[in-house]
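Asks: Okay, handing you the structure first.
Every read-out reported here was derived from the displayed coordinates using simple, explicitly stated rules and does not represent laboratory data. All values derive from a computational prediction rather than experimental measurement. In this analysis, Cβ positions are derived from the backbone assuming ideal geometry, glycine residues included, and neighbour counts consider all displayed protein chains.
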C-alpha cells in the first residue's frame, strides 16, 4: 500500500480519501451517483455498481454484538451483516481491480458503542479500506465514512481507524483534516427552497456553488440528502460540482450522467471548476468514464 499524508495530497476519492483528486489541497469535482439506502435495492451493491455509482449508503444497527444492515430495527435479519453484505463482496470486487468507492455507513444505534464494534470490523479490512495509522493515511480502493449517530470525538481521537466522519454544512470551516472529515452532507430542504420546478433562483444557485467551493477548498466532497430526485435538480448539482448525487433512481441517474459525459466530449464543452463551460482542459481526475473499472466485479 502506498502511504500518503492527507493534507496536501492527490487522492483517489471517491475520496478526499478516495473520489475527487486533490491538486494542491483543492479537490477537483467529478460528480457521480450515490446509491441512497443501497441495501433496499433488489441487489444490494450490485445494482449500484452496475449503474456506475461510486458511493453507496447503508444503515447499520449494533445488535447483540453484530452489525446488522437495515433501515428499521424491527426489519433486521441476523444474516444481513455488514461483513456479509458489503465488506466481503467489496474485497472480492477489489481483487478484480475495480474502481474506487465510498462506503457511507449510517449508524442508527447508539454512536459510541456502535463505532467501537464497527472499528474492529473495519480494521480487519485494512487491505481494501483507506486507514489512518501512525499519523499516516494508507489510500486504498474503498473509503468508509460514518454518518448518522457519529461519535465524533471518539473517532477524531482514534489513532488507528479505517473510517472518516461525514460532516455537515456547519463544518464547512472546520479545521479537521480531510482524512478525518472527507465529506460534507446535509439536508437539501433545510438549506434550499427550490424543489426542481422552474428555474433555480440565482441566489440559491450561487449559494450552492459557494458551498461546493468552500468544501473543495478543504479537500472535502459534497452531498445532499432529501433533494428532489429528478433531472432538473441533478443538472444543478452536477453543474455546481457536487461530488455525490444522492438518488433512489439509479438507472435514470446513470442515463443522465452518461449524457453529461457525452456533452463533455464535445469541443468547447468542458466544465471548469465553477461548473461553467470552458475550452481549457480539466485538471487530472480519476477516469470514471472507463466502464471496465466499475463493471469488472458485478458477479461477486
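Asks: Which length gain, in nm to one decimal place, applies between residue 149 and residue 50 when the Cα-Cα distance is subtracted from 0.36 nm times their residue separation?
Replies: 32.7 nm
Asks: Also: Pulled fully out, how much extra length does the chain show between residue 136 and residue 42, if you take 0.36 nm times their separation in residues and subtract their Cα-Cα distance?
Replies: Gain on stretching residue 136 to residue 42: 30.0 nm.
Asks: Test of understanding: express the Cα radius of gyration of segment 30-145 as a ratio to 2.2 N^0.38 Å, with N the residue count.
Replies: Segment 30-145 yields a ratio of 1.03.
Asks: Mind giving me the FRET efficiency for residue 189 and residue 112? R0 is 22 Å, r the Cβ-Cβ distance, nearest 0.05 is fine.
Replies: The formula returns an efficiency of 0.15 here.
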